[in-house]
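> Here you go, one structure.
No lab work stands behind these numbers, since they all come straight from the coordinates. Computed from a prediction, not measured in an experiment: that's the story for all the values here. Here the Cβ positions follow ideal geometry from the backbone for every residue, glycine too, while neighbour counts run over all protein chains shown.
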Amino acid sequence: MSTPLLEVNNVSKHFLGLKAVDGVSLTVQKGEIVSIIGPNGAGKTTFFNLLTGQLEPTAGEVKLRGQVINQLAPHDRARQGMGRTFQIAKPLIALNALENVMIGAFMRHSSMAVATEKAMVVLERVGLAHLARRRAGDLTLSERRRLEVARAMALEPEIVLLDEVMAGLNQSEVGKAIELLKGLHADGLTFLIIEHNLKVVRAFSERVVVLDRGRWIGEGTAEEILTSPAVIKAYLGEGHMGGQTKQTTEVNA
Ligand SMILES: Nc1ncnc2c1ncn2[C@@H]1O[C@H](COP(=O)(O)OP(=O)(O)O)[C@@H](O)[C@H]1O
Ligand SMILES: [Mg+2]
């Protein structure tokens, strides 16, 4: 087996007494789409922050292409091919869509002309070229989510981490977003996604990892995970998985 693109060994993050992430391991091979699901507060976003360097792990090791990257700052990890989106999108609202994407492009290209051209190609790829000059603050939720993906793409990443990019979108917007991500995957991108919507997970992901209270509690295909007693138990009391499972069943009926 070749060296995994991303390898996470036994990482933990403790906030004082709270074990937000507690000894989680995961590998992602180049070309895979791996999903992380789990109830609110399970530690999913914290786990992403450990991978991309926004937070330093209390223990454990993060490797990219076999190299330990624990000591690298977020922008160095981006330079090495890790792109990400944030659960709470942070576009620079006073800048237009193109300028937002150019900030990412400047990481790879110092020339204004080249950065502009690269950013336009990315905007076209995500279906936002017609809104290039619109202020980010004036974009709709679904357009802002696309802009987030575009900002990550502008770094020319090898792996992209998506934190709930479909949350709050309507069904048709979710459908288009899945289509976009499948296209980017076909172009060669590897994905690690945090996703609440199990319809998305099922449509998009080959392998699903479940976190609960900071811990890894299961892994498998979407079908296996949806019927796993440990996973169902973790979600009991929260209720949303039941609802989404039903929705998924209806869609596939
Ligand atoms: N910076 C922080 N300081 C203290 N506690 C935090 C911090 N970030 C997250 N937490 C806590 O860690 C737990 C996991 O949070 P989070 O990773 O956001 O979960 P998820 O993304 O799965 O909903 C939660 O209990 C949250 O309140
Ligand atoms: Mg989160």
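> Report, in debye and to the nearest 20, how large the dipole of the stretch 91-156 comes out about its Cα centre when Lys and Arg carry +1 and Asp and Glu carry -1 on their Cβ.
The calculated dipole for the stretch 91-156 is roughly 100 debye.
> How big is the charge dipole of the chain about its Cα centre, in debye rounded to the nearest 20, if each Lys and Arg gets +1 on its Cβ and each Asp and Glu gets -1 on its Cβ?
380
> Suppose every K and R has +1 on its Cβ and every D and E has -1 on its Cβ; what is the size of the dipole of the stretch 1-133 about the Cα centre, in Debye to the nearest 20?
The dipole magnitude comes to about 100 debye.
> I need the shape label for the stretch 91-156. Rule: rounded when a/c is under 1.5, else prolate if a/b > b/c, else oblate, with a, b, c from the alpha carbon gyration tensor.
Prolate, because a/c is 1.5 or more and a/b exceeds b/c.
> Same structure, new question: Using only alpha carbon pairs under 8 Å that are at least six residues apart, calculate the relative contact order of the chain and give it in whole percent.
24
> On a 0 to 90 degree scale, rounded to 10, what angle separates helix 171-186 from the longest Cα axis of the chain?
Roughly 80 degrees between the two axes.
> Quick one: helix 240-252 against the long Cα principal axis of the chain, what's the angle to the nearest 10°, folded into 0 to 90?
On a 0 to 90 degree scale, this one is about 70.
> Okay, moving on. Among Leu184, Thr45, Ser228, flag the residue with its Cα farthest along the positive direction of the charge dipole of the chain, charges on Cβ as +1 for Lys/Arg and -1 for Asp/Glu.
Value computed over the given set: Thr45.
> Using +1 at the Cβ of each Lys and Arg and -1 at the Cβ of each Asp and Glu in the chain, identify which of Val201, Val122, Gly66 lies farthest towards the dipole's positive end.
Farthest towards the positive end: Val122.
> Does the chain classify as rounded, prolate or oblate by the C-alpha gyration tensor (a ≥ b ≥ c root eigenvalues; a/c under 1.5 gives rounded; else a/b over b/c gives prolate, otherwise oblate)?
Because a/c hits 1.5 or more and a/b fails to exceed b/c, the chain counts as oblate.
> Then there's this: Over the stretch 165-219, what is the mean sequence separation of C-alpha contacts under 8 Å (at least six apart), divided by residue count, expressed as relative contact order in percent?
About 27 percent, as a whole number.
> Something else about it: Taking the Cα atoms only, what angle lies between the long axis of helix 112-125 and the longest principal axis of the chain, rounded to 10 degrees?
That helix lies at roughly 50 degrees to the long axis.
> Residue by residue, what Karplus-based ³J(HN,Hα) values in Hz, rounded to whole numbers, does the stretch 33-44 have, using 6.51, -1.76 and 1.60 with θ = phi - 60° and x for Gly and Pro?
10, 10, 9, 10, 10, x, x, 4, x, 5, x, 5
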